[in-house]
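Asker: Take a look at the following structure, please.
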C-alpha cells in the first residue's frame, strides 16, 4: 500500500502495510486524524484555525448529507471553521465568496442530480462565475449498475475547474459501498487544504467506544413479527405488508424516512451462478473486510451477484479471452453495450463470455458488495411503538429467456417468515417530511406501493391530533384485488382523519385511468387546497408516474388558477423551493 519512495525502510514498510491492510475505514480515518494532530494531550492548547471550509452537499436518500456532517466534524477537529450547506439552499454565486470547498453529491437515476439539488445544478452548469480564488475537491456518490455512474459529481467537478477553481485533491467516485473510499478522500482533501494544520486531539477521544450503535455500519437483527399478503386472489401482483420489531435497537424514525434491509441472495440464484462458473461452492475466497470465506456463503451473504454493469464486464474481460466482449467494451460501442446490459444479469455474461467457467478468485473479483435496499416506511412510531412496517412488491419477471427476481423483495417474500430475523437500519429522509404546522392541509399522491409513507403520514397526524385536512390520491390495477390497506383508509375516512380519498384503478375499465387523470379532474379543488397552504407529496415510480403527476400538477394550477404555462411552472417551482412540494421517487 505504501509507495517505494515513502521514507521508511523495507522492514518498516512491510510492517506498516500489514497493519494498514488490517484496519477498517473507521480505524483508518481515526488514525489519519491522530497522526495529523500529533500526540494527544490532556488539556489541549487552542489550535490555530486552518481556515474556513464549506461542505456543500446534494442528497436524494440522505447519504450525502450524512457524509457532509461527518466531513464537517472531522474538519473542525483539524482546526477548520467548517460549515455545511445544502445545494437546495445555495445559489451558485455564493461560491465566489468561498475559499475552501468540499462537494459531496449523489447521482440519481440516469445521471440526474438529486431532486433537491436540481435547481442549483442547472444554474451552476450555465453560470459564468470567476472561481479563481476557490480551492475544492469533490466526492461523488453513485451506483456502478447505472451507465452514468456518478455523473452529477463528475459534471460539478469539471465545471468548477472550468470556472477557474483549483482542485486540491482528485475527485473520488464512490459506489454503494463507499466507506473506505470516502474516508481516504476526506483525509487527503483536508490535508491538502491545510497540510500544516496543528489541530490537537483530546485524550477523551481515546476513550473506549460505546456499546454497539445500530445503523448502516451495524444493522440491527430485527425480529419479523408479521408478513401479510395484501393483494386478493386473482391479482397479478404480489404485495406484502411486513412488520419488524425495533425493541432493543435504540433506533428511531420519523414519517417519511426509509428502512434499509440487508438481503441475502436466493439459494437458486447462487446455485445458478456456481454452475455457470463451473464451481462447486466449496472453494475458499477472500472477502473484503471479512477475510477468507467459503465461496457459496460469500455468494449468498456478501456479493451482488446479479447486477450487470460495464464495470463488471470490464473485470470479466481482464479474466477471459473474448474478442466479442472486447468489442462490446470499445469506446465506439456504447449503444451496443447498453443494449446488451439491459435486462441481463451477471449470469448471462458468464454464459456468453466465460463458457469454460472461471476460477473461484476470478469469479469473486467480479462482484461488488451486496448493497442494502431502501423502502419507504409505512408506519408511524406513535401508532406502532417499537415497530416499523414496510409495503413491498415482490419483483418477478422474464427477460432474454430467463426468470428474474428482485434480490431483496423476493428475499422478504420467499425467505423471511414471522419469527425470523432480518438485518435493518433506518435511513433518514429530511427531504420528505410532514409540515411542522399540524393545521396545514396535506395532499398525498401514492399509486401502488407508493402509498406506504402516506399510511405513516395519516397514522402520525391522527396520533398527534393534527387538525390539518388530509387528501390521498392512490391507485393500482384492480379495485377488488389491489386496493392496498382498503379497510384502514375507510376507517380513517369514517373518523375524519382522512378528509378525501380519490382512487384510480387502471384495469377496471377499457381505458386505463391513473392518478394523474384524477388530479386533472379535481384541479379546482386541488388548487384551492394549495392556495390554502397545502403541502403536496408524491411517492412511487420515478420513470413515468412522477413525471406524469408533475405535469398534471402544472396543468391543474394552470387551468384552475387561470395562469399561463410559464406562470404555472413558476408556481410549482415555488412550491418546491418552500418545501411544500416533496417527492420520494425511485
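Bear in mind these aren't lab numbers, they're just calculated from the coordinates by the rules spelled out. Just so we're clear, the structure is a prediction, and the values are computed from it rather than from any experiment. Please note: Cβ atoms are built from the backbone with ideal geometry, for glycine as well, and neighbour counts cover all protein chains shown.
Asker: Ranking request for peptides 440-447, 225-232, 385-392: highest mean number of other beta-carbon atoms within 10 Å first, then the rest in descending order.
Answerer: 440-447, 385-392, 225-232
Asker: Compute the Kirkwood hydrodynamic radius of the chain, taking the inverse of the mean of 1/r over all pairs of distinct Cα atoms, and give it in Å to one decimal.
Answerer: 26.4
Asker: Multiply the residue separation of residue 331 and residue 289 by 0.36 nm, subtract the distance between their alpha-carbon atoms, and state the gained length in nm to one decimal.
Answerer: Roughly 11.7 nm would be gained on extension.
Asker: Could you tell me the center-to-center distance, by alpha carbons, between region 224-300 and region 140-197 in angstrom?
Answerer: For region 224-300 versus region 140-197, the Cα centre distance is 31 Å.
Asker: Gain in length, residue 521 to residue 324, computed as 0.36 nm per residue apart minus the alpha-carbon separation, to one decimal in nm?
Answerer: Contour length minus Cα-Cα distance gives 65.6 nm.
Asker: Now, a different point. For the chain, what is the relative contact order in percent, using Cα pairs closer than 8 Å and at least 6 residues apart in sequence?
Answerer: That works out to 12 percent.
Asker: Also, I was wondering about something else. Using only Cα atoms, locate the centre of region 309-360 and the centre of region 517-586, then give the distance between them in Å, rounded to an integer.
Answerer: 43
Asker: For region 473-586, state the semi-axes of the equivalent ellipsoid (square roots of 5 times the eigenvalues of the alpha-carbon gyration tensor), sorted largest first and rounded to whole angstrom.
Answerer: Taking √(5λ) for each Cα gyration eigenvalue gives 25, 17, 14 Å.
Asker: Moving on to the next point. Rounded if a/c is under 1.5, else prolate if a/b is larger than b/c, else oblate: which is region 46-180, with a ≥ b ≥ c the root eigenvalues of its Cα gyration tensor?
Answerer: Judged from the Cα gyration tensor, region 46-180 comes out oblate (a/c at least 1.5, b/c at or above a/b).
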